[in-house]
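The values are calculated or read from the model by the stated rules, or taken from the named source; none is laboratory data. Just so it is clear, the structure is predicted and the values come from calculations on it, not from any experiment. Because the Cβ atoms are built from the backbone with ideal geometry, glycine has one as well, and the counts that use them run over all protein chains shown.
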C-alpha cells in the first residue's frame, strides 16, 4: 500500500468544499435554514482521530522493535487501512466544514455564535482526524530493509 499523497488530500478537501458550498446555497435558495454541523460531529471526529492513533500503537511498537510479541498481520492491515481512510475522511469533511464556515461568515447578517462555534469545532476536529490518520499511517510504515532494491545509493549502477 502506498502512502497517502498530499494531492489526493487536497483534491478531497476541494471536493468537500464544493459540496458544502453548494449544499448551503441550495438550502438557503430554497428558503430553508443553512446547515450547521452538530457539536457531536466534531466530538466524534476528534475521538476517532485519537482512536486511530491508539490502534496503530501495537504495530508501531513491533515496527520499532520495542515489542516482544508479534502483531497479527490482519490487525496491522486493518490499522493502516483505517488510518488511510481516516486521513481521507478528515480531508473531505474538513473541506465541507470549511465551506460551511466561510458561507456563514460571508452572509450579510452576522450569524450567532451558536452557529459559528460548531462549524469551527468541526473544521478543527476534521483536521485532527486527518492528522491522526496520517500519524497512524506513518506509525504503521515499515523501515526500508537492506535488501530493498529501491534503497540503493544513487552512485550504484542499477543494471
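All but one of (1) out of contact with any helix residue (DSSP H, G or I) (no Cβ under 7 Å at 6 or more places or on another chain); (2) modelled with pLDDT under 90; (3) farther than 12 Å from residue 36 by Cβ; (4) not in a loop (DSSP other than H, G, I, E, B) hold for residue 76; state the number of the condition that does not hold.
Failing condition for residue 76: (1).
What number of residues in region 85-123 are in a helix (DSSP H, G or I), more than 20 Å from residue 40 (Cβ to Cβ) and modelled with pLDDT under 90?
Count: 0.
Which of the residues belonging to region 22-72 are exposed (fewer than 14 other Cβ atoms within 10 Å of the Cβ) and either part of a loop (DSSP other than H, G, I, E, B) or touching a strand residue (DSSP E or B) at 6+ places or on another chain (Cβ under 7 Å) (or both)?
If the condition is that a residue be exposed (fewer than 14 other Cβ atoms within 10 Å of the Cβ) and either part of a loop (DSSP other than H, G, I, E, B) or touching a strand residue (DSSP E or B) at 6+ places or on another chain (Cβ under 7 Å) (or both), then 30, 31, 32, 33, 38, 65, 66, 68, 69, 70, 72 are the ones that fit.
If you scan region 52-67, which residues turn out to be touching a residue at least 40 places away in the same chain (Cβ under 8 Å) and closer than 19 Å to residue 85 by Cβ?
Listed by number, the residues that qualify are 52, 53, 55, 56, 57, 59, 60.
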